[in-house]
Amino acid sequence: MAENFPHYIEFRHVYKTFDYPVLVDINFYLDAGQTLAIIGRSGVGKSVSLGHIMGFLKPDSGRIIVGYRDITDMTEAELREIRKKVTMVFQSGALFDSLTVGENILFSLELRDDYDQQNKADVVRGLLQMVDLADCEDMYPTDLSTGHRRAVAIARALAAQPECILYDEPTTMVDPIMSDHLGNLMVRLKRQLGLTSIVVTHDLDLMRKVADHVVFLYEGQAIYFGPVKDLPSSPHPHIKEFLAMDRVEL
């Protein structure tokens with residue numbers, strides 16, 4: 001199949017309507033080992049795009065390619081195999097408050113029969129060190145800041161040894177120092193593990209730090225898809241306004 005689908009993730013003429021058109025003829029792609037940012041104002045279809053990649057949503061028309069495979073018409077059983085390779089870090093973190101940080105990460109390892117208990121404990125410690133939370137193993141999610149909970153969620157996602165991670169607004173409601181820390185972590189994971197990733201964000205500083213390419217969504221359409229460095233050169237008035245507002249806020 002790889003010869004038919006040269007990109008790790010690709011949207012081909014994707015349309016999705018709820019009460020109104022959310023995605024209108026969306027086309028973009030992502031190659032293995034790269035990071036793509038999906039940006040735009042609230043309600044433009046950023047998280048809906050992630051839902052399509054995970055197979056939680058089906059397009060009204062168009063094709064969704066994930067892991068070099070067309071997942072558009074896959075069954076739930078087939079999608080579960082895709083989700084072993086592609087995992088998502090939800091904005092909420094989706095951690096279990098009744099479990100410690102270490103137990104939350106261990107939860108992702110319980111179904112793996114290629115580790116014994118000692119291996120699993122070592123993996124948990126190694127992952128916490130990777131996300132700079134080695135001292136937090138016995139703490140509970142409610143003891144942590146929003147940013148640290150996001151880092152734990154990333155560690156838990158990594159426990160599944162995915163090829164690709166989808167980050168949904170990872171720096172929302174996080175202070176600037178922790179936002180910078182999460183961005184550095186995402187860059188480090190990409191370099192050390194060769195992870196492919198997509199980050200949905202409003203945060204242009206994060207986009208500049210982590211992404212190779214960017215899709216800019218506006219009124220259901222992708223008004224820009226290309227290298228991050230070329231985004232400021234876009235003639236589209238909405239992109240110019242968006243970037244100008246970012247400069248004012250700084």
Under 6 Å between Cβ atoms, which residue pairs at least 6 apart in sequence (or on different chains) link something in region 193-222 that is over 27 Å from Y20 (Cα atoms) with a partner that is among the polar types (S, T, N, Q) and surrounded by fewer than 23 Cβ atoms within 10 Å (Cβ to Cβ)? D212/Q34
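Given the condition among the polar types (S, T, N, Q) and buried (at least 20 other Cβ atoms within 10 Å of the Cβ), answer yes or no: does some residue in region 27-36 qualify?
yes
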Those residues that are under 14 Å from V48 (Cβ atoms), of a type outside the set (S, T, Y) and in a loop (DSSP other than H, G, I, E, B), I need them from region 16-34; list them, please. F18, D19
Test G45 against the criterion of being in contact with a Leu (Cβ under 6 Å, 6 or more places away or on another chain) and free of Cβ contacts under 8 Å to residues at least 60 places away in the same chain, and give yes or no. no
Tell me which residues, restricted to region 66-86, are in contact with a strand residue (DSSP E or B) (Cβ under 6 Å, 6 or more places away or on another chain) and either under 26 Å from A153 (Cβ atoms) or of a type in the set (F, W, Y) (or both). V66, I71, I82, V86
Assuming I105 fulfils every condition listed in (1) under 24 Å from A32 (Cβ atoms); (2) modelled with pLDDT under 90; (3) within 21 Å of the chain's Cα centre (by Cα) apart from one, which condition is it? (1)
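The values are calculated or read from the model by the stated rules, or taken from the named source; none is laboratory data. Note that the coordinates shown come from a computational prediction; the quantities given were computed from them, not determined experimentally. Quick reminder, even Gly has a Cβ in these numbers, built from the backbone with ideal geometry, and neighbours come from all protein chains shown.
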